[in-house]
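Here is the structure we will look at.
The values are calculated or read from the model by the stated rules, or taken from the named source; none is laboratory data. Since the structure is predicted, the reported quantities are computational estimates derived from the model, not experimental observations. Heads up, the Cβs are rebuilt from the backbone with ideal geometry, glycines too, and the neighbour counts pull from every protein chain shown.
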């Protein structure tokens with residue numbers, strides 16, 4: 001592809017984008033308009049190409065850093081007129097665990113407490129999205145591996161971008177479990193935007 005600037009009397013200059021093909025040179029007028037105007041092709045009037053991202057998955061565990069990622073994810077969705085799908089993943093109860101929250105509860109108490117936590121986190125996000133004027137769907141799933149639940153939900157809900165915090169848990173559980181964000185980055189075929 002060649003980009004050339006041609007002088008035009010009385011106007012200034014005109015940009016010409018050429019693609020070399022076996023048959024010769026083809027001019028791409030759409031690309032030239034995009035470069036001249038500074039407006040991305042997917043936002044130009046009269047184009048039939050879809051928006052880059054239409055449904056953004058935003059996983060949250062209710063932590064402070066995840067909250068910042070949620071805010072930025074909603075702001076991005078508003079800016080590009082996309083839908084937000086917000087997810088929280090609940091870990092199933094285990095009798096043998098290093099998680100002190102599970103050690104102190106019975107299975108029923110743990111489930112009730114986690115359900116309340118999820119409803120609080122998702123409710124706050126839904127209200128923030130509504131205040132920003134962003135369409136928002138909230139999803140809650142129980143899964144042994146949060147990174148897999150994130151990837152599966154993104155696929156099943158038709159999300160084309162995942163916006164998530166660089167980490168959520170703190171302390172020894174973060175070391176033992178590893179970073180869910182790294183696992184999502186490693187296994188996801190959907191683009192991931194990591195918030196620090």
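Listed residues 135, 129; which is buried (at least 16 other Cβ atoms within 10 Å of the Cβ) and in the same structural domain as residue 67 (by TED's automatic domain parsing)?
It is 129.
Taking the range 71-87, which residues are assigned to a helix (DSSP H, G or I) and farther than 12 Å from residue 160 by Cβ?
71, 72, 73, 74, 75, 76, 78, 79
For the range 147-154, state whether one or more residues are surrounded by fewer than 17 Cβ atoms within 10 Å (Cβ to Cβ), in contact with a strand residue (DSSP E or B) (Cβ under 7 Å, 6 or more places away or on another chain), modelled with pLDDT of 95 or more and more than 23 Å from residue 112 (Cα to Cα).
For the range 147-154, residues surrounded by fewer than 17 Cβ atoms within 10 Å (Cβ to Cβ), in contact with a strand residue (DSSP E or B) (Cβ under 7 Å, 6 or more places away or on another chain), modelled with pLDDT of 95 or more and more than 23 Å from residue 112 (Cα to Cα): absent.
Name the residues in the range 156-184 that are at pLDDT 90 or above and over 12 Å from the mean Cα position of the chain (by Cα), would you?
156, 157, 183
Residue check, residue 100 against (1) within 17 Å of the chain's Cα centre (by Cα); (2) at pLDDT below 85, all met but one. Which one?
(1)
How do the pairs read when you match residues in the range 182-193 that are assigned to a loop (DSSP other than H, G, I, E, B) with residues anywhere that are modelled with pLDDT of 95 or more, using Cβ under 6 Å and keeping only pairs 6 or more apart or on different chains?
Note: pairs meeting the criteria are 188/151; 190/154; 190/162; 191/161.
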